[in-house]
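Quick notes on the structure that follows.
The values are calculated or read from the model by the stated rules, or taken from the named source; none is laboratory data. Since we're looking at a predicted model, the values are computed, not measured. Every residue, glycine as well, gets a Cβ built from its backbone with ideal geometry; the counts of neighbours run over all protein chains shown.
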Amino acid sequence: MAFDSRSTPERPRLSDQTVSDLRDAVLLLWTAPASADGQLGRAMDTLVREARDRALRAEDVLIEVKSLLQEMPQLDDPERRLESARFREQLVTRCIKAYYGNN
């Protein structure tokens, strides 16, 4: 039997606005860390609130966040490869903590 993609429900997603706000906050944190923490906190709060409203599981949120990070060419600077990897890990950890309420 052949795979029928129509039978696979589309996974829930965050709104474009929430993803855009998170992208902006992540970019600010990457380029100007001293001034970005509040913006990232607000973006994470919105992300968590929306994820709960839309009944997104933690796994769904992490897929969205990791996809966002992969789509940001600013994080692919070869001279900052190790820093970028740590930055991504910290963001994923922060997202998990926000989702589970362990800020």
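Summary table
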read-out: Qualifying residue in region 53-63 (condition: without any contact (Cβ under 8 Å) to a residue 12 or more places away in the chain, more than 19 Å from Pro12 (Cα to Cα) and surrounded by 12 or more Cβ atoms within 10 Å (Cβ to Cβ)); value: no
read-out: Residue match in region 73-83 (condition: at positive phi and surrounded by fewer than 16 Cβ atoms within 10 Å (Cβ to Cβ)); value: no
read-out: Test set (1) part of a helix (DSSP H, G or I); (2) touching a residue at least 24 places away in the same chain (Cβ under 8 Å); (3) loosely packed, with under 11 Cβ neighbours inside 10 Å - Gly38 fails condition number; value: (2)
read-out: Complete set of residues in region 41-52 that are surrounded by fewer than 13 Cβ atoms within 10 Å (Cβ to Cβ) and in contact (Cβ under 8 Å) with a residue 40 or more places away in the chain; value: Asp45
read-out: Among (1) at pLDDT below 95; (2) within 12 Å of the chain's Cα centre (by Cα); (3) more than 16 Å from Arg94 (Cβ to Cβ), the one test that Leu40 misses; value: (3)
read-out: Condition check for Leu47: touching a helix residue (DSSP H, G or I) at 6+ places or on another chain (Cβ under 7 Å) and at pLDDT 95 or above; value: yes
